[in-house]
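Enquirer: Got a structure for you, written out below as structure tokens; questions coming shortly.
The values are calculated or read from the model by the stated rules, or taken from the named source; none is laboratory data. Since we're looking at a predicted model, the values are computed, not measured. Positions of Cβ are generated from backbone atoms using ideal geometry, with glycine treated the same way; all protein chains shown enter the neighbour counts. Accessible surface is based on the protein model in full, side chains and every heavy atom, while ligands, DNA and RNA are left aside. Shrake-Rupley method; radii C 1.70, N 1.55, O 1.52, S 1.80 Å.
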Number of protein chains: 6
Amino acid sequence: LMGNERRSMVMTMRDLETTAYHEAGHALVGELILGTDAEAGKRGDIDPIHKVTIIPRGGALGLTSWLPDDRKTMSKSYALNRVAMAMGGRIAEELIHGEYNTGAANDIDQATEIARRMVCEWGMSEKLGPLAFGRKEGEVFLGRDFSQTSQNYSEQTAREIDDEVRRIVTEQYARAKKLIEANLDKLHAIAKALLEYETLDHKDIDVLMVGDSLTRTKPSIRIKTREQIEEERTRKEKENDGRGAILGPPVPEPS
Amino acid sequence: LMGNERRSMVMTMRDLETTAYHEAGHALVGELILGTDAEAGKRGDIDPIHKVTIIPRGGALGLTSWLPDDRKTMSKSYALNRVAMAMGGRIAEELIHGEYNTGAANDIDQATEIARRMVCEWGMSEKLGPLAFGRKEGEVFLGRDFSQTSQNYSEQTAREIDDEVRRIVTEQYARAKKLIEANLDKLHAIAKALLEYETLDHKDIDVLMVGDSLTRTKPSIRIKTREQIEEERTRKEKENDGRGAILGPPVPEPS
Amino acid sequence: LMGNERRSMVMTMRDLETTAYHEAGHALVGELILGTDAEAGKRGDIDPIHKVTIIPRGGALGLTSWLPDDRKTMSKSYALNRVAMAMGGRIAEELIHGEYNTGAANDIDQATEIARRMVCEWGMSEKLGPLAFGRKEGEVFLGRDFSQTSQNYSEQTAREIDDEVRRIVTEQYARAKKLIEANLDKLHAIAKALLEYETLDHKDIDVLMVGDSLTRTKPSIRIKTREQIEEERTRKEKENDGRGAILGPPVPEPS
Amino acid sequence: LMGNERRSMVMTMRDLETTAYHEAGHALVGELILGTDAEAGKRGDIDPIHKVTIIPRGGALGLTSWLPDDRKTMSKSYALNRVAMAMGGRIAEELIHGEYNTGAANDIDQATEIARRMVCEWGMSEKLGPLAFGRKEGEVFLGRDFSQTSQNYSEQTAREIDDEVRRIVTEQYARAKKLIEANLDKLHAIAKALLEYETLDHKDIDVLMVGDSLTRTKPSIRIKTREQIEEERTRKEKENDGRGAILGPPVPEPS
Amino acid sequence: LMGNERRSMVMTMRDLETTAYHEAGHALVGELILGTDAEAGKRGDIDPIHKVTIIPRGGALGLTSWLPDDRKTMSKSYALNRVAMAMGGRIAEELIHGEYNTGAANDIDQATEIARRMVCEWGMSEKLGPLAFGRKEGEVFLGRDFSQTSQNYSEQTAREIDDEVRRIVTEQYARAKKLIEANLDKLHAIAKALLEYETLDHKDIDVLMVGDSLTRTKPSIRIKTREQIEEERTRKEKENDGRGAILGPPVPEPS
Amino acid sequence: LMGNERRSMVMTMRDLETTAYHEAGHALVGELILGTDAEAGKRGDIDPIHKVTIIPRGGALGLTSWLPDDRKTMSKSYALNRVAMAMGGRIAEELIHGEYNTGAANDIDQATEIARRMVCEWGMSEKLGPLAFGRKEGEVFLGRDFSQTSQNYSEQTAREIDDEVRRIVTEQYARAKKLIEANLDKLHAIAKALLEYETLDHKDIDVLMVGDSLTRTKPSIRIKTREQIEEERTRKEKENDGRGAILGPPVPEPS
């Protein structure tokens, strides 16, 4: 049998950097898609970035958010752009670390869900056509939702749906990768700014996208990594050497 | 992670136009099918349009409604016509915007459901024949419906059903597209009238179908788009410049 | 979105005629099968018609009923004859209107169910042999039936069952169609008598089957079609012109 | 729509004869298998017939019963003999009426169940080998059995199981048919004795199997067929002609 | 319909003999496997027999039991040996009676379960590798277990699992058969000793395995077969001839 | 029927040795992976071993634990390393005993689960791409979890997932095997130290990994094997010969 001993709530430097590049990836792809055809006086069909942050909140290590433009319906390009933007985080991580992380699981889930609805609910696949696939069944019972989408189609149709969903996600992955690779300098700029400022708003992003540096006051850093905590503790121990108790939560011994 | 910040209840100009063309698409296909064989003194087998509106109601952005003629049974042509008419909305959007929108999801669902019942319940597919496919099972339990249609046939039959359902929907899609493309002037006329008058009744549609213009009094416009609200606010701010509070609900900042 | 405005409880002329021919189809096939081998002093193995009616009752637009001869077991020919008779309604509609209607859904369901039980429970398919396919599982729980027939056989067997069930129904369809086509005069006679008398008993059917006309007193007609209601209303409006209130339920405006 | 008017509890002559031949078929196959290798001083591995009756009891139209010899395990030959004996009823009906009846559904179910257990539980198929297929799952809940046998094997195995089950049942069907066809005189003898005496015990069967006639007192006949009830009624009506009320339960009018 | 009349709790001679050989088969295979490589000073990896009995207990007709050696993990050879030993009972029956009995159902189930766990849980199939197949799902609800193992793999994997499970069981079957066939004298010796002594302990088995006879006192026989009961009754009836009531429970009449 | 008599809570020598090698296998693979690229100043991406023990705890025979480094996301190499480390236990057993044991079931389950999530949730398979497969459905009901992951993909996709999951596990198995085979001396050293000291901490492992011997005080041995208990009992019986009661729990007689 194998198992881990205990798990602290402290973040590692690696996770912090990974998160910064991940969110920078989302933001960069979003901004680049928005700027498509800018010279033609047109914006790409995607909501503009509102804020990017690496301050953990409710289980998420970071967040890239946008201000919706009150649209009630989504166009096919908007849906595809959302898939590409979702892929941005993972691609950025991959470019920096040379490998994937589990942190993209939520984006992967979201992108797959959008692609699946494009094919199965919104009739946006030329191959499958303007049909609905799958049926909502069951009911809420004693206040609990027991509903589930049942597969009311043949195995052959299931395969065609799978192929279309996979095609959509991998095409947008390739597109997002190309966009990021052609703008690596901006990826680094945004990620580094995130590590310095922790949160960027849409004006900061605009500054970084034209190649300028942020000049506004840096916030008092709130995130402490495991490495910083340990360093601090070592420093304090030296100061207090032999003279008092160690303050703060217990720290995992160096392994 | 990615996510949107907040969502207002205000409509965009794009959604309004999309809705106008979408409902115009339904109405046009319905009217054209009704007029089939008009010279032969016969009407197409479909319920005539009663009212078309782009005033949002209960989650729907617009509505094309008809007055049923009290029929208790549906003929195969009526069922096919309903599928074609359902496709009209999406085709109109596609012709105008050059791409699909998620707004047609409900029509797609309805058209697929009609086509599926034609094949599985009403014996209207020559290929599958006069048989019933699928069985209603389960029960209402503690006042909740747990029933579900179970697949009591082989995978091969499932494939044949899928093929027939898809054939029916795509054939009616092609038919509706042909009808709209041959009557683009009328599509524009109805959509534009909808944007001006918001709601059209069957007499208005008749006027537009013969190429005339509506001359009746326009209603006091009730729908305000995000763009109009912003414009108005800007104008008021200029008037009130420095002199008072801004009235009205908070408006998303320009992105 | 599309939707109908409201639905009255009044019947259309087309539904009434459709129902008359539909029930006439059931009755004619039943009587013709019963008369098979009449010269050999033998009757076809089917229950004789007891009554045919186009007076709606409990959701059904019409009804063809028979008096069971107390049999406790059904022969294979009886089962096949029941399938053929079930198909009679739909075939009659098709011959008259040139297309199918949704009204045959119940017959299609019944015929498929009989054919399926012939193959899966009663061992009446030479190809599948004297075996039972499918197993009754589950239970009544808190007074509700949760039982369901589970598929305890392979996909290959499922395909063979489907093929046999389809063969049985389509063969009887063809047989019933041939019988009706060879006796179109009788179909018209029964259908017309139904429209005149609304309900026919087995003696009336006997009279019509030998080519005679009914001479008994017609009933005071009870079914009023939408067309008759409108006509009457128009007449009354003329009589009352400007002089009083309109009696009766609200009528849908002509569309 | 089609439907039957009402259903009486009276039996028809045809059902009575069918039942007599059906039970005679079971009994004959049982007795013939028991007598196999009689000259070798050995009995076939099957329980000897105890009683055969055509008096309806609890939903069944007739019953062939045996006295179990207290065995706790069943041999493969015993299982096969039971399948053959189960088929006997249906084969006898087929030989007499030239077609199948629904009355054999229960025997078909029983034979299929024995064959399936031979293959899936008792390891009696050389092809599938000494393995168990399928798993009992679920539970009794609030006093109700929700258990079900789940298919824990591949589609290929499912097909092999189907093939073996079908082979077993059809082989025993062929064997039972051969046995009955070679002893048609005894089938008629037993069936006729059943119609006369209603219930036969194992001594009666022995007498009939060696070609003798029953000489014991006939019982006072208890079963009345629809035909006999009608005849009696007609006779009584003639006697009572115009003079009194008709006694007895209402009788379906001749159809 | 067919059915048996009543079922007594008395055992037949055939069942008793079958049980003796069945348990002897288990014991013999177990002892032979244990003795493998005995000259090399090593014992086969299996628990030694503790006791063999043909006295029915709780639904089982007999029992071969062992004393576990406190092992907490099972080796692959131990698992295979257990499968072979489970097959021993059925093989012994087959050699004696020339055919299978239903009494081996429990062993078949146990052997299949071990083989399935070897493949799906313990990674003991070279072909499938060190992976787990199937997932425990569901929950205990209102004190009842609703959990079930769901198939979370493809049909192709299901086929490979089936093939491996079948290979394991049939290989061990062949191995056990070979062992028994090469030691038929010992099988007879153990079975006969069981019929005489009803229960054998591991010392008795040792004596029989080296070819010696048991010399210890026989127990007062407790099991009476149907045949013995009948004989005794006949004898008593002769003694009591005409003089008194028959004692003891009712006995099924000879069939 | 077959069954074991009773089961004591005492451990056998074989289980103890197996456990020592099993845990040594986990630890060795973990340490070797951690040391990868040590000369490049880099550590392999895996949590360092914290403690290894063969003292049974809560159903587990032994435990290899690590101190997590507070990481919030897992890299692909970390996931693969965890799979390899999980395989280490089983490989060590196999090398020592020449065959598999059931004790690795938990590791196999864990490794398969990680590999499956790599493919289905974390998009770490190049072949399947950055998509999510399977959907969490159902709900917690009356405080019980009824959720389950439903397969929302085609059989073809299921096969591809199976292939990828199997490829990942078998590749890591091969890798771990190679690592252990190249460091057999260390495997023996750790296993032997475990048998002597029962629990090793990360400093002990470090000593053993560089080829030194442990010199710290041995603990008072707490685990007693069946063999030791029996020996002790025999010794005490000799001492007490004829003079008193035997102390301690009943011991299974030698088999």
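Enquirer: Can you compute 3J(HN,Hα) from phi for each residue in segment D:174-181, using the Karplus curve 6.51 cos²θ - 1.76 cosθ + 1.60 with θ = phi - 60°, rounded to whole Hz and x for Gly and Pro?
Expert: In residue order, the calculated couplings are 4, 5, 5, 5, 4, 4, 5, 4 Hz.
Enquirer: In addition: Average the reciprocal distances over every distinct pair of alpha-carbons in segment A:146-241, invert the result, and give the Kirkwood radius in Å.
Expert: Every distinct Cα pair counted, the radius reaches 18.6 Å.
Enquirer: For F:His50, list long-range residues whose amide hydrogen, built 1.01 Å from N in the peptide plane, is under 5 Å from its own amide hydrogen.
Expert: Amide H neighbours of F:His50: F:Ser65, F:Trp66, F:Leu67.
Enquirer: D:Ala174 versus F:Glu232, label points 7 Å from Cα toward the beta carbon: distance in nm?
Expert: 7.0 nm
Enquirer: Once neighbouring chains are kept in place and the probe is 1.4 Å, which whole percent of the accessible area of segment B:21-116 is contributed by carbon and sulfur?
Expert: 51 percent
Enquirer: I want to verify the translational diffusion coefficient of segment C:201-241 in µm²/s; compute it with Stokes-Einstein, Rh as the Kirkwood radius over Cα pairs, at 20 °C and 1.002 mPa s.
Expert: Rounded, D is 162 µm²/s.
Enquirer: Got a sec to turn the phi values of segment B:53-63 into Karplus ³J(HN,Hα) couplings, 6.51 cos²θ - 1.76 cosθ + 1.60 with θ = phi - 60°, whole Hz, x for Gly and Pro?
Expert: 9, 10, 7, x, 8, x, x, 8, 7, x, 7
Enquirer: For segment E:71-127, count the residues as N, evaluate 2.2 N^0.38 Å, and divide the Cα radius of gyration by that value, please.
Expert: 1.28
Enquirer: Return the long-range amide H neighbours of F:Met11 (sequence gap of 5 or more, or a different chain), with a cut-off of under 5 Å between placed amide H atoms.
Expert: F:Arg226
Enquirer: Which Cβ of chain D lies nearest the axis of the rotation superposing D onto A, and at what whole-Å distance?
Expert: Nearest Cβ to the rotation axis, residue and whole-Å distance: D:Glu155, 6.
Enquirer: Placing a label point 7 Å from Cα toward Cβ, how far apart in nm is B:Glu239 from its equivalents in the other copies, listed shortest first to one decimal?
Expert: Once sorted, the set of distances for B:Glu239 reads 6.2, 6.2, 10.8, 10.8, 12.4 nm.
Enquirer: A follow-up question, please. What is the interface area between chains D and E, defined as buried accessible area summed over both chains with a 1.4 Å probe, reported in Å² to the nearest 100?
Expert: On the way: alone 16440 and 16410 Å², together 28160 Å².
The summed interface area works out to 4700 Å².
Enquirer: In addition: Post the alpha-carbon centroid distance, segment F:158-202 to segment B:64-103, in whole angstrom.
Expert: 63 Å
Enquirer: If we hang a label 7 Å off Cα along the beta carbon direction at E:Leu184, how far is it from the matching labels on the other copies, in nm, shortest first?
Expert: The projected label point of E:Leu184 is separated from its counterparts by 4.7, 4.7, 8.1, 8.1, 9.4 nm.
Enquirer: Here's another thing I want to ask about it. For every other residue with a beta carbon closer than 11 angstrom to the beta carbon of B:Pro219, add +1 if it is Lys or Arg and -1 if Asp or Glu, then tell me the sum.
Expert: +1
Enquirer: Here's another thing I want to ask about it. Karplus couplings for segment D:202-213 from phi (6.51 cos²θ - 1.76 cosθ + 1.60, θ = phi - 60°), rounded to Hz, Gly and Pro as x?
Expert: 5, 6, 4, 4, 4, 4, 5, 5, 8, x, 7, 9
Enquirer: Another question about this same structure. Give me the percent of accessible area attributable to carbon and sulfur for segment D:172-223, probe 1.4 angstrom.
Expert: On segment D:172-223, the fraction of accessible area on carbon and sulfur atoms equals 54 percent.
Enquirer: What gaps in nm, shortest first, separate D:Thr217 from its twins in the other copies when you place the label 7 Å past Cα toward the beta carbon?
Expert: 6.0, 6.1, 10.4, 10.5, 12.1
Enquirer: How big is segment A:32-103 along each principal axis, measuring the range of its Cα positions in Å and listing the largest first?
Expert: 36, 28, 20
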